[in-house]
1. Rounded to the nearest 0.05, what FRET efficiency do residue B:212 and residue A:77 have when you use their Cβ-Cβ distance and R0 = 56 Å?
2. Rank B:165, B:156, B:145 by mean-square fluctuation in a GNM of chain B with C-alpha springs under 10 angstrom and give only the top-ranked residue.
3. Based solely on C-alpha atoms, express the radius of gyration and the Dmax of region C:94-231 in angstrom.
4. Per residue of C:242-251, how many C-beta atoms from partner chains lie within 10 Å of its own C-beta, taken as a mean?
5. Is there a simple number for the mean count of other chain Cβ atoms within 10 Å of the Cβ of residues in A:236-245, and what is it?
6. For a protection proxy built on the mean count of beta-carbon atoms within 10 angstrom, sort C:185-197, A:71-83, B:77-89 highest first, please.
7. How far is the Cα center of region A:111-176 from the Cα center of region B:164-230, in Å?
8. With label points built 7 Å along Cα→Cβ from the Cα atoms of residue A:212 and residue B:322, find their separation and express it in nm.
């Protein structure tokens, strides 16, 4: 009853008791997220304007950290590299994921869809650390790939361009975030009314042009979600660059960790974290804005 | 004798939205009562108010003489058959039917016996051990009925119980529900948007529009003497013709296409005044005279504009002289009666007793 | 569409290849992880129980994972119930906000928590790790529980009330049995996430490492790699087992509710 009324923009007075019960229930998880996320994030923002001398904070507000972060070529390089690698990872992951989502949605019998989805999500739930480490083992100088290829006789010398650089980071992260990209695209594809595709073909489009004129635009909300859900976490990834990145593959998260735990310079770490978050948010907003014509419509 | 259910001036507001407007209603013990209306007319809100799932904003509700103000749904002598049936999918059929007996003091064997009886009553003998989620739509409906009736409520509330069934099954369940109600003698209140269903099943029907009861009557009165054009239009098919009232006491009128008529007081509202008005007439209350059939006194001339052949019936749209809108006339396809063609002239006979005057 | 199917199978191989290597090298009789394989051994597995630091970290991780699973599932139940049953002001932004930890880079969550906890003077340990893990596990629990609560026909609860039950006994007799498969599945998923989580634990664990933090410390020593592979094999096998259990629970829940299966966890 009330959900129906809510749909027709029910006046707030009616919802008063509903309002209270709902807010009472939601207050526990909401309070937790405020205490454990919103307040700490605010603290990070605050500290980024401070300075630290060994263990004590100097709380005089200053922009020095930001000035340093922007001018120091090391920080700049790390930030740009993080954005570049995250962007590349996102591109590779989503491009590889789309055909899989399409295959499961359009060519797998409905009764077997959940089995496929389950198969795809399983690796995601197994220890992230171990998976990244396995890539190091696979891609290494004496690793599985090189030793395997040498045993079979395809190569004589070990391949060196695959470990301890940005390529290795991209491969490893694209692997780690695969299900994150597949699921939202799959959901968007499932929502497409199949008769729309028949209508397009009935109106003279070929299968291929139907894909580009109907299927792809309708799947865009899923693609946008996939891009965001891969891009945002990868930019702050710590384990992968550390294990397989080498010196040229390190990213901003590694520097944040160093500032906090090694150099005892929490304000600088906080500054880098703020800069990273702001950049991610700006890029994400820009991306959504560029795709907004696909995101409209009844949801 | 007092009514079993007595609602007085019940209003329900959702903020600014006035869902029930001053509803007063008395329902007798043993009656099969229907609330009929289009979606959003307040019929379900009224039913849920009786059940205790909604509180009236003002007004009173008495069931069997007891004031229901502040009595929660689980303490009212009412039970409900939900539109979705709400059969608990994690329980067996028997556990569903016996759900309401949990707190009853009777012994386990007695409880099992009453579950068996309830299942037998709805024609599901031997189904007790089945899983609820494996039932068909019709079977779910029966389980919902047995579950609600096992507590021997004073009132059984049915919220569109047949809307999810296909046509054949629906018709079968309609007569079964009627039979069951006579058998148990409990007051049934049925919410439906299907006017045919309401007419077939009910002792009395309340037609609701926009939170108000527009008319409360037995099915025949409702069909033959609707109080307003809106009710006449909602129930069955009705033709409307412009008319002018010449004399409001003797009730003489001029009806477009039909000419001067005099009608009886029960065919007109008590508030009838001289001046422009409207009359309604049902399609089957007029007939087209075929060749060889004896002439009647009241005849109107017209031309057939369209026809729809239904097998047992043919519906004609006839343009009467001096009337803008065509009227619909239904004719039974009896032996020897031809189906007329579009463009044919039609001689339409009618009867003054078939007319209803509306002044709204 | 043959080529698409072939691609899908190749993709699955790509997804599973690293994990498939785990048991191969865990049973390989060599300290170097490379082909050709040298021989079969169970030595690396038998070494595992003889490492006290490992045992301690496993105990610590299990403790953290159990508490995390319970707390985040409880929070998830509150949120999913509120979202499914009630209409309240700012519902969409509130629900969106609660799901934010799902997309935030974990390093941000970790450092911001670290800063605030240290400022509050709390000492780092299992408790602080639990705080962080509950934060990131709750959105997953909500995602799982949401569909279960949303699928619950409101008429079910009304029917129980109508048949004489109180709101509390209705929750116990009708609501809980119908959503319990989702609750178990949420418990299992959050348990798995907490057990595997590294970054937050790395920042907040203090002197008692969790299992992933212990593993991290071992990755530096080449001689320990075969043991790590053995441990990884056990961990991955355990995770897969828990996941299959969670998935079976989810499906059973759907069947119970008589609903069509519409896909995976998220």
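1. Taking R0 as 56 Å, the efficiency between residue B:212 and residue A:77 is 0.15.
2. Between B:165, B:156, B:145, it is B:165 that shows the largest mean-square fluctuation.
3. Both quantities, over Cα of region C:94-231: 20.3, 68 Å.
4. Details: counts 1, 6, 2, 0, 2, 6, 0, 0, 2, 2.
Partner Cβ neighbours, averaged per residue: 2.
5. Mean shielding count: 3.
6. In decreasing order of mean packing, C:185-197, A:71-83, B:77-89 become C:185-197, B:77-89, A:71-83.
7. Cα centroid to Cα centroid, the span is 70 Å.
8. Placing both labels 7 Å along Cα→Cβ, they lie 7.0 nm apart.
Where a number appears in this text, it was derived from the coordinates with a stated rule and is not lab data. Because the structure is predicted, anything quoted here is derived from the model rather than measured. Because the Cβ atoms are built from the backbone with ideal geometry, glycine has one as well, and the counts that use them run over all protein chains shown.
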